[in-house]
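Values quoted throughout were computed directly from the atomic coordinates according to the rules given, and no laboratory measurement underlies them. Source: prediction; values computed, not measured. Neighbour counts are summed over all protein chains in view; Cβ atoms, including those assigned to glycine, are modelled from backbone coordinates with ideal geometry.
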Amino acid sequence: MKNILITGSLGQLGSEIALELRRRYGEEHVVLSDVRDDVNCALINGGPFYKVDCRDAAAVAEIVRTHRIDTIYHLAALLSATAERKPLAAWDLNVGSLISTLEIAREYGCAVFTPSSIGAFGPATPKVFTPQDTIQRPTSIYGISKVTGELLCDYYYHKYDVDTRGVRFPGIISNMTPPGGGTTDYAVEIYYEAVDHQRYTCPLRGDTYLDMIYMPDAVSAAIDLMEADPSCLRHRNAFNLASMSFSPEELAAYIRAVIPGFTIDYQVDPVRQAIADSWPDCMEDYAARVEWGWKPRYDVAEMTEDMIRTIRGRREKERR
Ligand code: AKB
């Protein structure tokens, strides 16, 4: 039986990975931590939870010892648009907390999952079918922190034999916990605005293509990779994950198929647009498919139906 610690467990990805891991392994075996404790009471009260800053190495090590943790999902991070406003804070959290987590993993023999991102690429990277192993010269501080993270995880694997694993996530779309401060957040907000107001003002140009993934596939990817047979892994820390790629214009058309009166207009945010323009349009994910069997379940049409059905259901409940 595994004993798992999740940092950033109340965030967009953390809260849904936490639910699935608790379902699979039992709540006592999945310890949650986050720097805040003012959201999602169900998760906080549903098993062990610690309010702790993951940069506090002594506090995290104490949790690892107390609960005999063998696997850490290190999910605390600032996303790209927020990071661009607070570069030093982003470096401190995204890199500082990772290196401290890796040190703890080395000392206590834990495996570590760390998400990288499409943000780890830059304008010099091939934009279409971006290869697994290619040029990485990101221009955002978020991207720089993600490349550093990929390299640090490789380093701890090769030098200290820490079982580090990770994927390059596309923008994650979910209907439970909202994202915060990302460039790809528009692809979540658009659904809420479509259901509530039948219109949306998009901060990216209509022709901006980006890779995206639906949350159930993102959760399976992280857990499947951590459960994969290590002897099959040639790469470890930065598997490209492709699932769907679309532009705001195209996503609006998918939404219009379900909500015919939906309209979109554009008020481009230069910071987010510059970040999006430096990222791939769509990645190639052969290594993930071959090395550990990655295969997404949702395409954009299925995701759109599910998002709108779920948000509508929630709104009806709120009205009752
Ligand atoms: C962001 O937009 O910053 C994130 C990401 C793609 O890493 N969603």
Per principal axis, descending, Cα span of the stretch 91-235 in whole Å: 53, 34, 32
Helix 12-25 vs. the chain, principal-axis angle (Cα, 0 to 90°, nearest 10): 60
Cα long-axis angle, helix 141-160 against the chain (0 to 90 degrees, to the nearest 10): 30
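Sort 313-319, 269-275, 11-17, 147-153 for me by packing, meaning the mean count of neighbouring Cβ atoms within 10 Å per residue, highest on top.
Values: 313-319: 9.6, 269-275: 16.6, 11-17: 23.9, 147-153: 20.3.
Listed from highest to lowest mean packing, they are 11-17, 147-153, 269-275, 313-319.
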Highest to lowest packing among 228-236, 166-174, 108-116, 292-300, scored as the average C-beta count within 10 Å: 166-174, 108-116, 292-300, 228-236
Degrees separating the helix 248-258 axis from the principal Cα axis of the chain, which is the longest one: 70
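Relative to the Cα centre, what is the charge dipole magnitude of the stretch 181-320, using +1 at the beta carbon of each Lys and Arg, -1 at the beta carbon of each Asp and Glu, and rounding to the nearest 20 debye? Don't skip to the answer; put the middle values down first.
On the way: 16 positive and 25 negative charges, 108 e Å.
Around 520 debye, computed over the stretch 181-320.
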Tail beyond 29 Å, pair distance distribution of the chain (Cα, percent): 34
Relative contact order (%) - the chain, alpha-carbon pairs under 8 angstrom, separation at least six: 18
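With +1 on the Cβ of every Lys and Arg and -1 on the Cβ of every Asp and Glu, and nothing else charged, how large is the dipole of the chain about its Cα centre, in debye rounded to the nearest 20? Walk me through the numbers on the way to the answer.
Values: 34 positive and 45 negative charges, 69 e Å.
Approximately 340 debye in magnitude.
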C-alpha center-to-center spacing [the stretch 161-196, the stretch 58-72] in angstrom: 27
